[in-house]
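Taking it in order: structure first as structure tokens, then the write-up.
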Amino acid sequence: MIGVWAHASPVWVAALVWLLLAGLPVAAAVRLRGCAAWAMAPALAVTTLALAALAAEPLQVRWTPTAALCAVAFATALAMAVNGLFLRPPRHDRGVVRACAAGGALVGGVLGGIVLVRALRSPDALSQSFDAVFHYTALAAIRDTGEASSLSLRALDVPGVSPRWYPAAWHDVTALVLASGGDGSIPAAANAVSGLIAVLVWPLACIFLARQVFGPRPAVLIVTGLYSVGFAAFPWGLLQWGVLWPNLLGLSLVPTALGLVLTVLGQAVDDVVGRPRALVLLVVVLVGMGLAHPNAVVSFLVMALVVALLVSVRRFRATADARLPGFRWSVAGAVGLPVLLLAALRLTPVMHEVAATWWPPESTSAAAVGEVLLHATHGRRAEWLLAAVTVVGLVRSLRDPALRWIPAVHAVSAALFVMAASVQSPWTMVVTGFWYSDSWRLAAMLPITGVPLAALGTVAIADWVGRRSGVRIAVPAGAMTLLIALVIAGATKGMHQGRNALAVHSTFAVENVPGTNLVSPEELEFFEQVRDRVEPGAVVANNPWDGSALLWPLQGRRVLFGQLDGRTRTPEQDYLARNLVRAASDPHVCRIAKKLNVRYLIVGEKNFWPTDSRVHDYPGVREPTDNSGFRLVHRHGELALFALAACFDQLEPVTSAVEPDRGGGTW
């Protein structure tokens, strides 16, 4: 296993470069240092690369590492120019604080990395999930066309399909990793990017938020890094469900944005950013977050609104200046801006389509509340110790007016989850519709405040133990905090590594049960054989539900239907989906096939979600009969590739369906 992962190291190094190191020059240009610079770097990298991909398409520039490096250089120069507007440099932490922040990120990265290795088991593990088909195909489209704009990605380069919006930041970064990592495997690049988001970008963001909330407390920063990979709902939940890789990227940036909000509102303890700088950076981060996934922006706006409301109320009660017009206008801006942005998003056509999605309730309201309290959403086992320290942190934060926004935000996230998991009425969907009314996406919001609450709870327990035991002088409070966190880590077997790895592995596992796999090992072998029999540029007609949609991303041979969602089919695609096997008797089939360069038909295994009615939306893409205009090219068991002879050659179109296997497989 070590050799396999070592062989894939160039892909992971490339992911590190484009996800993190590409943003460091921009962060340094605005004079950020320490954990602020490292936490801001992924957000700045994502924004820079996603905007550059948007600009590259109208400029007719292919999306390549060279183009991306030029974008990073431009963004760095622009940041240096903007930095000249800021009169004061930000405050910098002492070396010990920086070291402990790095230590926290290292602890989270190592523990999270173990989860990833145990979950994936191979660096190029293939996700056996619905959403992965689209994401893999989108990466293939970027690889082959060089176009990675969010304005057109959803069209997947299908002729006749008008450009369609889809947030492409995750795909933009992953396409660069694919082009520069040397492996050439789309699943390997996807795993590297998503894995580093979970074990690096997310812990860094959590540590930055803890730094802004609690100040330069070394032990707290280490504990935060440890706890960041312990909550099942995020990041592991989004690696299991969906898979929701763009959502994973967007939500991993939310703690960074919240840390900037605390600076803007004057609530950061020993702030390391500065208000003018934070305002500019907040806009930049929000752009990148929106290009990763818009509902991450909604999650942030909801949280920021709660923070602004509570801060405004506390200031109003604390100072006489609160009655001055200037204060009222600032409050109106802090509260009104998120409300207006949420309302504007809700009225967009894209959000209207998202909000119409309905999922059946999965539990009762009482059970959903219990799941929140025990960190056991979606049938998971209770995380008793993490739940306990989180509750202690919640009680402790309620006693401090400056920290009450944390439990308030946590309660709002919990309420949204409960509505989606147990109610799903037209009234609740008005609110939860921003997240497809999907309880998995809403559960993923809970660790954003759950991690700092757990860290605060650990500090509170350490203080209590120190007072009760009389060892406060002999054992510093920071050491006691670390000791308690280590006990929790040990008692939970490394922050529940095993159960988190098993949950993520369920998405990548190849089972021997019909209807559970996207593609089987036999089908993967067949795709390799097909690659040598289909000329580059030719299009292969297929029923995507039999796994053949992945022929394009895995072997570089284009297919007619590259995603499972048939709602985006063109009229010409739809006609072939219903009538292709009638090529010998229907001239219109050949006219469309020649226009789209559809030269082959592939018949895959019929074991992928056979109960889904959409499997049957392709009656014309099936095993052809004799005299139907097709010539058998290759067969491997029930898998077969046929040439569309009636339209593209003068060879005998009648071929027996029992032609011997030329690839060494069985019938």
Open item on the list: Between region 489-511 and region 531-589, how far is it from one alpha carbon centroid to the other, in angstrom?
Closed with: 37 Å
Open item on the list: I need to check one value: relative contact order of the chain, counting alpha carbon pairs closer than 8 Å and at least 6 residues apart, in percent.
Closed with: 14 percent
Open item on the list: Per-residue counts of other Cβ atoms within 10 Å, averaged by peptide: what ranking do you get for 535-543, 147-155, highest first?
Closed with: 147-155, 535-543
Open item on the list: Taking R0 as 60 Å, what FRET efficiency do you get between D400 and V615 from their Cβ-Cβ distance, rounded to the nearest 0.05?
Closed with: 0.60
Open item on the list: Please report the net charge: other residues with Cβ closer than 14 Å to the Cβ of R499, K and R +1, D and E -1.
Closed with: +3
TODO: Run through every distinct alpha carbon pair of region 521-648 and return the Kirkwood hydrodynamic radius in angstroms, one decimal place.
DONE: 14.3 Å
- [ ] Can you tell me the order of 242-255, 26-39, 123-136 when each peptide is scored by its average per-residue count of other Cβ atoms within 10 angstrom, highest first?
- [x] 242-255, 26-39, 123-136
TODO: Rank the residues K594, K493 as a footprinting-exposure proxy: fewest other Cβ atoms within 10 Å of their Cβ go first.
DONE: K493, K594
Task: Sparse-neighbourhood loop sites, chymotrypsin sites (Phe, Trp or Tyr not before Pro) in region 56-90 - DSSP loop, at most 15 other Cβ within 10 angstrom - done: F86
TODO: Diagonalise the Cα gyration tensor of region 461-592 and give the resulting equivalent ellipsoid semi-axes, square root of 5 times each eigenvalue, largest first, whole Å.
DONE: 60, 16, 13
Task: Note, ³J(HN,Hα) from phi for region 62-72, Karplus 6.51, -1.76, 1.60, rounded to Hz, x at Gly and Pro - done: 5, 7, 10, x, 5, 4, 5, 5, 4, 5, 5
TODO: Report which label in [x] 24.3, 82; [y] 30.4, 94; [z] 26.6, 93 holds the value of Rg and Dmax of the Cα atoms in Å derived from the coordinates of this structure.
DONE: [z]
TODO: Taking 7 Å along the Cα-to-C-beta vector as the label spot, tell me the V161-N597 distance in nanometres, rounded to one decimal.
DONE: 1.6 nm
Open item on the list: Please list 3J(HN,Hα) in residue order for region 620-629, calculated via the Karplus relation 6.51 cos²θ - 1.76 cosθ + 1.60 where θ = phi - 60°; whole Hz, with x for glycine and proline.
Closed with: x, 10, 8, 4, x, 8, 4, 6, 9, x
Task: 5 angstrom amide H check on R599, placed H, neighbours 5+ away - done: V539, A541
Open item on the list: Quick check on the exposure proxy: order T348, T76 from fewest to most C-beta atoms within 10 angstrom.
Closed with: T348, T76
Open item on the list: What distance in nm lies between label points placed 7 Å from Cα along the C-beta direction at R315 and A538?
Closed with: 6.8 nm
Open item on the list: Let's test the formula: R0 of 25 Å, r as the Cβ-Cβ distance of D463 and V96. What FRET efficiency results, to the nearest 0.05?
Closed with: 0.75
Task: Full-stretch length increase - A382, N83 - with 0.36 nm per residue and alpha-carbon distance subtracted - done: 102.9 nm
Task: Residues with amide H under 5 Å from that of W165, placed H, sequence gap 5 or more - done: none
Task: Extended-chain gain in nm, criterion 0.36 nm per residue less alpha-carbon gap, D565 and L502 - done: 19.9 nm
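All of the numbers you see were taken from the coordinates with simple rules; none came from a lab. Please read all numbers here as calculations on a predicted model, not as lab measurements. Virtual Cβ from ideal backbone geometry, glycine too; neighbours counted across all protein chains shown.
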